[in-house]
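Each remark here refers to the structure printed beneath this line.
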Protein chains: 2
Amino acid sequence: MTEAPRDIESLIELMARLPGLGPRSARRAVLMLLKKRAGLMAPLAQAMATVALNARDCRLCGNIGTTDICPICADDRRATGEVCVVENVADLWAMERGRAFKGRYHVLGGTLSALDSVGPEELRIPLLVERVQAEGVTEVILALNATVDGQTTAHYIADALAPTNVQISTLAQGVPIGGELDYLDDGTIGAALRARRRV
Amino acid sequence: MTEAPRDIESLIELMARLPGLGPRSARRAVLMLLKKRAGLMAPLAQAMATVALNARDCRLCGNIGTTDICPICADDRRATGEVCVVENVADLWAMERGRAFKGRYHVLGGTLSALDSVGPEELRIPLLVERVQAEGVTEVILALNATVDGQTTAHYIADALAPTNVQISTLAQGVPIGGELDYLDDGTIGAALRARRRV
């Protein structure tokens with residue numbers, strides 16, 4: 001692709017590295033930005049530079065924000081003694097959208113993986129053990145994904161926390177709200193049946 | 001969406017205005033950028049700011065570039081007397097990828113449209129007539145899209161150029177290279193049959 005000027009070509013190449021965009025859609029996005037230079041391109045460049053400069057991981061929980069300690073950790077009303085362990089910031093945002101959890105978080109930054117040689121140190125697990133001992137945590141909720149790596153990590157964390165005697169729980173498995181049985185996989189139906197409740 | 005800090009939320013909203021990205025995929029792209037702050041986010045912000053600041057339309061042909069006169073217009077070897085008229089910069093890049101045209105371009109910036117009240121003045125058509133008279137142009141190739149608006153515009157331009165006696169041509173219509181007859185629409189097959197060549 002040598003048809004666009006060098007600067008624009010570099011921009012297209014960088015845009016093409018975003019998830020959901022390939023070379024063609026990156027070119028289309030850049031052409032649209034070129035049409036809206038003042039209205040969209042300049043503000044977007046500015047917003048991106050601001051975030052790139054200011055974003056940092058919360059020193060306590062690993063949530064991303066623009067302050068040393070994130071708004072959730074800084075909020076005294078959320079010092080409920082409950083800590084919800086999530087794989088990444090996307091999962092934290094998903095939990096917050098649910099508006100059901102009132103405690104604090106601990107973002108692991110991934111899952112244990114022998115293949116990618118990700119060990120407990122890379123995952124802020126020692127930090128979690130420290131927090132449980134130091135912050136008077138009463139319950140640790142493991143909100144990890146229901147994948148093999150996620151469940152392996154959950155087991156490892158439960159073992160690591162055993163000496164602290166903190167209560168450990170995981171999210172319930174079952175039929176999603178609005179879910180249709182016909183479209184659910186067998187594992188979910190089995191889990192929902194085993195965890196059935198009296199009405 | 002109040003789960004992310006204000007700065008990051010603004011960035012997600014701006015990203016969601018790009019073609020091909022919606023609110024969900026914009027959030028995913030921003031999370032990925034947040035993970036690669038130094039490696040991708042900062043360079044992307046920088047590249048975007050540079051282009052937003054430097055990009056300008058070529059004074060002669062309307063091509064986008066970082067100079068007052070684009071590299072194609074500035075290239076003496078392309079002063080062949082042929083001018084290829086295209087709707088927009090994306091079409092110019094597509095022509096350049098084809099590597100078949102050695103002349104210069106004229107970017108209209110759209111097509112005539114009564115509905116959107118786009119007239120000849122908005123489309124740099126008077127400028128095209130001026131260029132044909134001033135630059136010793138021998139042939140104008142109308143490479144407009146084979147849509148109703150594109151063909152209306154092509155007819156209007158042919159009429160506007162009639163007094164200059166310049167030769168006017170359009171791209172051939174027919175079967176695309178590698179195209180299968182079974183998948184072609186009836187109009188294309190008809191056009192290819194009418195324009196058939198002796199072998």
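The values are calculated or read from the model by the stated rules, or taken from the named source; none is laboratory data. What you see is a predicted model; the values in this text were computed from it and never measured. Glycine gets a Cβ as well: all are built from the backbone with ideal geometry, and neighbour counts include every protein chain shown. We work out accessible area using only protein heavy atoms, side chains counted, and drop any ligands, DNA or RNA first. Shrake-Rupley method; radii C 1.70, N 1.55, O 1.52, S 1.80 Å.
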Q: Please give the average number of partner chain Cβ atoms lying within 10 Å of the Cβ of each residue in A:97-105, rounded to a whole number.
A: 1
(Q) Explain nothing, just compute: Karplus ³J(HN,Hα) = 6.51 cos²θ - 1.76 cosθ + 1.60, θ = phi - 60°, for every residue of the stretch B:61-72 in order, whole Hz, x for Gly and Pro. (A) 10, x, 5, 8, x, 10, 10, 4, 10, 5, x, 5
Q. How far is A:Gly190 from the same spot in each other copy, in nm, shortest first, if each label point sits 7 Å from Cα toward Cβ?
A. 6.1
(Q) Taking amide H atoms as placed 1.01 Å from N in the peptide plane, list the residues 5 or more away in sequence, or in a different chain, whose amide H sits under 5 Å from that of A:Val85. (A) A:His106, A:Ile141, A:Leu142, A:Ala143
**Q.** Inter-chain shielding of B:29-40 (mean C-beta neighbours from other protein chains, 10 Å cut-off)
**A.** 5
Q) Per-residue HN-Hα couplings for the stretch A:29-34, Karplus 6.51 cos²θ - 1.76 cosθ + 1.60 at θ = phi - 60°, whole Hz, x for Gly and Pro? A) 5, 5, 4, 5, 4, 5
Q) For the protein assembly as shown, which whole-number percentage of the solvent-accessible area (1.4 Å probe, protein heavy atoms only) is attributable to carbon and sulfur atoms? A) 53
Q: In whole Hz, with x marking every Gly and Pro, tabulate ³J(HN,Hα) for the stretch A:127-139 from phi via Karplus 6.51 cos²θ - 1.76 cosθ + 1.60, θ = phi - 60°.
A: 5, 5, 4, 4, 4, 4, 6, 8, 9, x, 6, 9, 9
Q: Report the antiparallel proportion of the DSSP beta bridges in the protein assembly as shown as a percent, rounded to a multiple of 5.
A: 20
(Q) Please report, for A:Val175, the nm distances (one decimal) from its label point, 7 Å out from Cα along the beta-carbon direction, to the equivalent points in the remaining copies, shortest first. (A) 5.6
Q: Shielding by partners for B:66-73, please: the mean number of other protein chain Cβ atoms within 10 Å of each residue's Cβ.
A: 1
(Q) Can you return the aspartates and glutamates within cross-link range of B:Lys36? Criterion is Cα-Cα under 14 Å, with same-chain partners fewer than 8 residues away left out. (A) A:Asp57
(Q) Give the lysines reachable from B:Lys35 as a straight Cα distance under 27 Å; neighbours fewer than 8 places away on the same chain don't count. (A) A:Lys102
Q: Express in whole angstrom the spacing between the alpha-carbon centres of the stretch B:66-94 and the stretch B:1-29.
A: 36
Q | Computed magnitude of the charge dipole of the protein assembly as shown (debye, nearest 20; Cβ of K, R +1, Cβ of D, E -1) | A | 140
**Q.** FRET E, pair A:Thr50, B:Thr50, Förster distance 22 Å, beta-carbon r, rounded to 0.05
**A.** 0.85
Q) Roughly what percent of Cα-Cα pairs across the protein assembly as shown reach past 35 Å? A) 49
Q: Grab the residue from chain B whose Cβ hugs the B-to-A rotation axis most tightly, plus its distance in whole angstrom.
A: B:Ala45, 3
Q. Label-to-label distances across copies for A:Pro71, with labels 7 Å out along Cα→Cβ, in nm, shortest first?
A. 4.5
Q. Out of residues 5 or more away from A:Cys61 or on other chains, whose amide H comes under 5 Å of its own, with H placed 1.01 Å from N in the peptide plane?
A. A:Cys70
Q | Relative contact order, percent, chain A [alpha-carbon distance under 8 Å, six or more residues apart] | A | 12
